[in-house]
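Working notes for the structure below.
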Amino acid sequence: MADISISLFDLNECETVVDNLISYELCEDCDAPCDSLSLTFFSKKVLDEIYRVEASVDGKRVFTGFADTQREQISDNGFVCFIYARSSACLLTDSEAKPFTYNSPSALGLFKANCDGFGFSYEAGNIYCENQYQVSKGTSKFSALQDFVYGVTGDRIRIDCNNALTLMKTKNSRTLKGGVIGIKRVINRANALEKINYKLNSDKDYIYCRESAFMKKRKIRSRVMKNLAYVEDWRRDKVLSSVMKSKNSEYHTYTIIVSGFEKIGLMDEVRCFDSFFGNICGIVYSVVHSQSGGVEQTCIKARIPFDLEEMTYVDE
């Protein structure tokens, strides 16, 4: 069993190390800006109001965040305490960006404009464009950065457990050779998307089409309508691609349950062999580490990569 250490910090930054841990669940997901950590543990006294939470496994930090929910219930041995925390990216998702039109912006410039004072570092590289980029009213600070970076590079951003802003890319390849206790395959046709009908001017019909030949061959016939009249020209292709990828992202996935705390990251390539499913190779999009009743396991969800075979045309 992994050596997990969890520290709770109150409003005065006084540290309480969690002893008598009953259960925990640490969740990471490519489609969620924030990681989450849920804890249940015994305490002999009532806790002060918890503000910040840190967790490490075998001496390496795996979570840095802020408490959303704190509950304590009287028991025979003191108190049963529950903490739910989100990673520090919540500072950006919960804060609105200033509406502004940027000329020839860079990701670093947007980072400085939206992340100053939060203690984050910038490690996303030199990303810029020579066009205008508009941040609309109601856009979160996280989305202001995310939308720009994705529009330029096609990559998504993430705030890691060391409070660094990075790009989500496939970095490592992992082969699971032992400890696999369960595998599930899912083909999800319900959310799959064949076609996007869209328009570029508010006074015209949805005559433009983005279609997936891959999904069409699989007899998927669902479609959505998008008004791109208010999206900058240089971002429209990435917006369409994002919709198509998002809707089809869970078309073919595997869920792999591994005994213990498996150290694997989002966007890692994961491989394993099963006597029924054969060779499995996917890209990790969700990792859940959990412990309850003395049983520790890791749930890994991986997408099987495929080419959507996208094409664009005008349907007059």
Point to revise | Residue check for Asn163: open to solvent by 40 Å² or more (accessible area, probe 1.4 Å) and either out of contact with any Pro (no Cβ under 7 Å at 6 or more places or on another chain) or of a type outside the set (A, V, I, L, M) (or both) | key: no
Review point. Which condition number in (1) within 17 Å of the chain's Cα centre (by Cα); (2) among the small types (Gly, Ala, Ser); (3) under 20 Å from Thr298 (Cα atoms) is the one that Gly65 fails?
Key: (3)
Check your understanding: From the list Asp68, Asp19, which residue is open to solvent by 70 Å² or more (accessible area, probe 1.4 Å), assigned to a strand (DSSP E or B), free of Cβ contacts under 8 Å to residues at least 60 places away in the same chain and farther than 22 Å from Lys169 by Cα?
Key -> Asp68
Review point. Can you find even one residue in the range 260-278 that is aromatic (Phe, Trp, Tyr) and more than 29 Å from Ile300 (Cα to Cα)?
Key: no
Check your understanding: List the pairs whose first member sits in the range 42-55 and is open to solvent by less than 40 Å² (accessible area, probe 1.4 Å), whose second member is among the charged types (D, E, K, R), and whose Cβ atoms are under 7 Å apart, counting only residues at least 6 apart or on separate chains?
Key -> Leu47/Glu72; Ile50/Asp10
Check your understanding: Name the pairs whose Cβ atoms lie under 6 Å apart, with the first residue in the range 109-134 and touching a residue at least 60 places away in the same chain (Cβ under 8 Å), the second open to solvent by 30 Å² or more (accessible area, probe 1.4 Å) and not in a strand (DSSP E or B), and 6 or more positions between them or separate chains?
Key -> Cys129/Val152; Asn131/Trp234
Practice item. Output the residues belonging to the range 176-207 that are out of contact with any Cys (no Cβ under 7 Å at 6 or more places or on another chain) and more than 30 Å from Val224 (Cα to Cα). Key: Lys177, Gly178, Gly179, Ile181, Gly182, Ile183
Exercise for review: From the list Phe63, Phe82, pick out the single residue that is modelled with pLDDT of 95 or more, within 16 Å of Asp10 (Cα to Cα), surrounded by 14 or more Cβ atoms within 10 Å (Cβ to Cβ) and of a type in the set (Phe, Trp, Tyr).
Suggested key: Phe82
Exercise for review: Could you pull out every one of the strands (runs of 3 or more DSSP E) wholly within the range 95-167 that has 2 or more residues that are closer than 23 Å to Glu28 by Cα and not polar (S, T, N, Q)?
Suggested key: 156-159
Point to revise | Only one of Val288, Val284 that is closer than 30 Å to Arg210 by Cβ and among the β-branched types (Val, Ile, Thr) | key: Val284
Review point. When you look at Val243, is it free of Cβ contacts under 8 Å to residues at least 60 places away in the same chain, open to solvent by 20 Å² or more (accessible area, probe 1.4 Å) and under 18 Å from the mean Cα position of the chain (by Cα), yes or no?
Key: yes
Practice item. Would you tally the residues in the range 251-300 being in a strand (DSSP E or B), out of contact with any Gly (no Cβ under 6 Å at 6 or more places or on another chain) and small (Gly, Ala, Ser)? Key: 5
Check your understanding: Here are some residues: Asn12, Asn77. Which one is at pLDDT 95 or above and exposed (fewer than 13 other Cβ atoms within 10 Å of the Cβ)?
Key -> Asn12
Review point. Any idea which residue in the range 301-316 is least open to solvent (accessible area, probe 1.4 Å), counting only those that are part of a strand (DSSP E or B) and in contact with a Ser or Thr (Cβ under 7 Å, 6 or more places away or on another chain)?
Key: Ala302
Check your understanding: What strands (runs of 3 or more DSSP E), lying completely within the range 175-232, carry at least 3 residues that are over 17 Å from Ser246 (Cβ atoms)?
Key -> 180-187
Check your understanding: Within the range 256-289, restricting attention to residues that are hydroxyl-bearing (Ser, Thr, Tyr) and over 18 Å from the mean Cα position of the chain (by Cα), which residue is surrounded by the most Cβ atoms within 10 Å (Cβ to Cβ)?
Key -> Ser259
Practice item. Go through Glu54, Glu25, Glu72, Glu15 for me and flag whichever is under 17 Å from Lys263 (Cα atoms) and of a type in the set (D, E, K, R). Key: Glu25
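The values are calculated or read from the model by the stated rules, or taken from the named source; none is laboratory data. In this text the structure is predicted, and so the values were computed from the model without any measurement. For neighbour counting, all protein chains shown are included, and Cβ atoms are generated from backbone atoms with ideal geometry for every residue, glycine included. In case anyone asks, the SASA skips ligands and DNA or RNA and just uses the protein heavy atoms, side chains included. Shrake-Rupley method; radii C 1.70, N 1.55, O 1.52, S 1.80 Å.
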